Amino acid sequence: MPYNLKAVFVAGVAVSGLMIGSANAAEKVIIGHFGNPTPDQYAAAEQKFEKATGWDIEWRKFASGTDVIAAMASGDVVVSDLGSSPLAIATSQGVPIEMFMFAMVIGDAESLIVRDGSGIETIEDLKGKRIAVPVGSTAHFSLMGALQHAGIDENAVNIISMPPDQIAAAWEQGAIDGGFIWQPVQAKILQTGKRLISANQTAEWGYPTFDAWVVNKEFAEENKDAMVAFTKTMNEANLDYLNNTASWTPDSTPVKMIAERTGADPSQVPEIMEGFTYLPLKEQVGEKWLGGGAAEALKSTAEFLKAAGRIDQVADDYSTFVTDEYAKAAIAN
């Protein structure tokens, strides 16, 4: 399906010079997310972020990373969850955002699910099949990496650009043979399909993916204390889950509230959450992650996307788009 990622991000950069007022002056702070069943959804349901930051928060759900970047470039959204692939595209285009925390490292939570009876047993069987994916997403990056690993030209596969809800609908109608997608849509289509590969495998092949928390640089400078509080609260939410995973059962309060906020089935939430790896801040500030690894991953992702013709340029250094300032301060507080 035709699309133009370059146009989306160039347009975003063109409006990125709009002034963004401080949270104290704004009526509300709009924070983007993708509706994944994650520990922070429980903290958000209990309004812990509002209490910590003093912000009047509107949580806005997005279907794709391209939509997030356009909203952040316009100044409408100032903080958001964002996948590593669209983040690499945005930073390569110079959108003034910076990654300040890992949301999660992606594993089985993003997978290529193929329909029962589709005749797809191996990656090679994807040739000529209709595979849906949100173009420009981490799932799209993983799909392209899998095809490259198998030596398959992406033009040999009928790749269809669809947001998650459309993938679910197209699956119900029998219009697609497979979809590389995240939760909760993944769990729905798995009922009549099977997992062919996941982001865990593509990472092993050299195509790692993750979700990051990003912020508009100007907004962050004007709201440093609140940014530290936000980062600390996010870490506390992750630690609450990591330290009490066994108690987060389908009938537990956290899982029920997460299910209510995300639309996922409570019985599936625990398994969905296990598909992600949540990193405590104390691990994130090391060289492997925020201290250098994140910038290296963004550059390698950008280089891959440029070679695939998705972007025109790769920055010399991506460290200017990653900061550990708020993570370190959150640990110290």
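The values are calculated or read from the model by the stated rules, or taken from the named source; none is laboratory data. None of the values given here were measured: they were computed from a predicted structure. Heads up, the Cβs are rebuilt from the backbone with ideal geometry, glycines too, and the neighbour counts pull from every protein chain shown. All accessible areas refer to the heavy atoms of the entire protein, side chains included, with ligands and DNA or RNA removed. Shrake-Rupley method; radii C 1.70, N 1.55, O 1.52, S 1.80 Å.
Assorted remarks:
- Across region 25-184, counting alpha-carbon atoms alone, Rg and Dmax equal 17.6, 57 Å.
- Length added when fully stretched, ALA169-LYS224, from 0.36 nm per residue minus Cα-Cα: 15.6 nm
- Rolling a 1.4 angstrom probe over the protein heavy atoms with all chains in place gives the chain an accessible area of 40 Å² per residue.
- D_trans [Stokes-Einstein, Kirkwood Rh over alpha-carbon pairs] for the chain, 10 °C, 1.306 mPa s, µm² s⁻¹: 79 µm²/s
- Largest to smallest principal axis extent of the C-alpha atoms in region 183-306, angstrom: 42, 37, 24
- FRET efficiency, ALA45 to GLU274 (Cβ-Cβ, R0 35 Å, nearest 0.05): 0.95
- Only protein atoms count toward the accessible area here, which uses a 1.4 Å probe; on the chain, the carbon and sulfur part of that area reaches 47 percent.
- Extension gain, TRP59 back to GLU325 (0.36 nm per residue minus Cα-Cα distance, nm): 93.4 nm
- Folded to 0 to 90 degrees: helix 5-14 orientation relative to the chain principal axis, Cα: 20 degrees
- Each of the peptides 45-56, 297-308, 71-82, 242-253 was scored by the mean count of other Cβ atoms within 10 Å over its residues; in descending order, highest first, they stand as 71-82, 297-308, 45-56, 242-253.
- For the pair SER247 and ILE152, a Förster radius of 56 Å applied to the C-beta separation gives a FRET efficiency near 0.80, rounded to the nearest 0.05.
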